[in-house]
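Okay, so here's the structure we're looking at.
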Amino acid sequence: MHTTRLYPGAPYAYAATTPVTSLVFTAGACPLDHQGRVVAPGDILAQTRQALANLCVCLEECSTGFRDVVKTTVYVASSKRDDLVLAWNEVARAFGAHDAPSTLIGVAVLGYADQLVEIEAIAAVSAC
């Protein structure tokens with residue numbers, strides 16, 4: 001939802017509604033490979049891509065996808081705004097024209113050693 005009653009230049013939707021009663025709440029998708037290792041230590045862009053790929057798999061397992069996401073939260077282990085924007089731009093690219101509300105947060109540390117990015121989502125589906 002976009003509105004003229006709030007700042008119109010925000011690059012995200014302020015809110016979303018859904019008539020669907022089933023929701024999928026994902027855990028934070030981490031930039032882990034199949035062996036549980038954090039990919040690309042020090043590389044926010046590569047870690048964002050891996051976290052998005054892992055999020056996509058998680059959503060697919062619930063018969064849904066990015067098009068059904070109604071809210072995301074993106075965590076970046078950095079105090080530098082440029083790092084947050086780098087991750088955000090990759091998330092926005094992955095979601096394309098689907099304009100889900102999102103929160104972007106810089107944090108001090110994430111759960112795995114060398115982890116810089118984590119992405120969680122809420123999706124609306126018919127059934128999971």
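What the table below lists for this structure:
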{"item": "FRET E, pair N89, Y112, Förster distance 25 Å, beta-carbon r, rounded to 0.05", "result": "0.65"}
{"item": "For the chain, calculated [θ]222 nm from helices alone, where every DSSP H run of n ≥ 4 adds -39500 (n - 2.57)", "result": "-8500 deg cm²/dmol"}
{"item": "At R0 = 41 Å, FRET efficiency that the Cβ-Cβ distance of L32 and D99 yields, to 0.05", "result": "0.90"}
{"item": "Amide proton proximity set for A77, modelled H, under 5 Å, gap of 5+", "result": "V107, V117"}
{"item": "Accessible surface of the chain, 1.4 Å probe, proportion on carbon and sulfur as whole %", "result": "55"}
{"item": "Net length gained if the chain between F25 and L45 were fully extended (0.36 nm per residue, minus Cα distance)", "result": "4.8 nm"}
{"item": "Dipole-positive endmost among P11, L45, V109 within the chain (Cβ charges, Cα centre)", "result": "P11"}
{"item": "Rg in Å to one decimal, and Dmax rounded to a whole Å, for the chain via C-alpha atoms", "result": "14.7, 48"}
{"item": "Accessible area of the chain divided out per residue, in Å², using a probe of 1.4 angstrom", "result": "58"}
{"item": "Beta bridges by DSSP in the chain, antiparallel share as percent, to the nearest 5", "result": "70"}
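The values are calculated or read from the model by the stated rules, or taken from the named source; none is laboratory data. Nothing here was measured: the structure is a model prediction, and the numbers come from that model. Glycine also receives a Cβ, built like all others from the backbone with ideal geometry; neighbour counts cover every protein chain displayed. Quick note on the areas: whole protein, heavy atoms, side chains included, nothing else; ligands and nucleic acids left out. Shrake-Rupley method; radii C 1.70, N 1.55, O 1.52, S 1.80 Å.
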